[in-house]
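Beneath this line is the structure, given in structure tokens, with notes to follow.
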Amino acid sequence: MNSMATHLQTVDIRLPIGSLEAYLHHINQIPMLTKEEEYELAVQLQKNNELAAAKRLILSHLRYVARVAKGYLGYGLPLADLIQEGNIGLMKAVKRFNPEMGVRLVTFAMHWIKAEIHEYILRNWRIVKVATTKAQRKLFFKLRNLKKRITWMTQQEVSDIAKDLKVKPETVREMELRLAASDTSFEAHNDHDDDEFSFSPAGFLEDTRYNPAQELEQADWTEQASNTMYQALAQLDERSQDIIRTRWLNDDNKLTLQDLADKYSVSAERIRQLEKNAMQKLRAAFEANAEAA
């Protein structure tokens with residue numbers, strides 16, 4: 001163990017900072033642990049929560065994370081980011097690793113490493129999420145791999161994948177369409193000719209911010225609602241009016257149930273009941289006004 005620690009301290013780190021190549025070169029020089037060393041470090045971490053042991057376990061497995069991350073380069077995402085997400089999965093695996101299970105850490109950690117990378121890809125591959133459920137995520141990576149060697153799937157291929165993943169064939173077709181689609185710029189590109197029709201989403205949205213009819217309608221609705229509110233309040237007794245105003249209509253100095261209870265020398269529960277009854281009367285007034293309109 002002492003020779004291992006000495007070797008770690010002598011690893012060459014005199015390489016350009018921020019270089020991915022330097023990072024990969026560095027982690028490949030970190031020696032791998034034997035089964036006995038891995039077990040001893042895992043026990044130290046589990047029983048004594050030794051961070052030094054966790055660091056040794058993580059460092060010795062960084063090369064595996066990089067190897068896994070390289071398998072996902074086809075998604076167009078930076079390798080450095082894929083490695084970083086995989087490292088997060090490795091740290092989670094080290095935290096949960098039980099040396100008594102009888103398996104090596106690298107075997108146990110693969111699930112966590114891939115899971116973090118998958119989540120990162122699904123979050124960043126498209127602006128719009130292509131997979132939100134567990135079944136869709138399986139489909140995403142299954143179809144993504146198939147797309148490297150085929151174009152559109154045959155009905156038999158769709159049926160086989162649906163049966164294998166226990167989903168409907170329609171779900172497979174839907175995911176295939178999502179993968180075939182591409183992100184579209186919201187605004188039209190400036191290099192289009194003036195007379196060229198733009199298919200950008202912005203070209204199909206109507207600007208209604210300054211629509212006079214809608215502004216008049218909104219103003220009329222606001223005025224009508226205010227009139228209904230004040231008319232309904234006028235039908236309440238003075239105490240109920242005060243409760244509604246100080247609890248809901250007074251933005252500067254709202255009172256609590258207990259404040260009102262102290263003011264009227266009753267319990268807070270009594271104030272709550274009065275408030276509830278008053279709100280029901282106001283709601284009824286608004287509903288009657290809506291029906292009349």
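Here are a few things to note about the model shown:
- Residue match in the range 72-92 (condition: closer than 11 Å to I113 by Cβ and of a type in the set (D, E)): yes
Results for (1) modelled with pLDDT of 95 or more; (2) among the hydrophobic types (A, V, I, L, M, F, W, C); (3) touching a Ser or Thr at 6+ places or on another chain (Cβ under 6 Å); (4) not in a loop (DSSP other than H, G, I, E, B), shown as yes or no for each residue.
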site	(1), (2), (3), (4)
V11	no, yes, no, no
R14	no, no, no, no
G18	no, no, no, no
H25	no, no, no, yes
L33	no, yes, yes, no
R67	no, no, no, yes
I83	no, yes, no, yes
G89	no, no, no, yes
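- Tabulated pairs, the range 280-293, first part of a helix (DSSP H, G or I), second modelled with pLDDT of 80 or more and loosely packed, with under 14 Cβ neighbours inside 10 Å, C-beta under 8 angstrom, 6+ apart or interchain: K281/Q235; A285/Q231; A285/Q235
- Some residue of the range 258-274 being surrounded by 15 or more Cβ atoms within 10 Å (Cβ to Cβ), outside any helix (DSSP H, G or I) and assigned by TED's automatic domain parsing to the domain that holds A288: no
The values are calculated or read from the model by the stated rules, or taken from the named source; none is laboratory data. In this text, all values refer to a predicted model and were calculated from it rather than measured experimentally. A quick note on method: Cβ atoms are made from the backbone with ideal geometry, for glycine too, and the neighbour counts reach across all protein chains shown.
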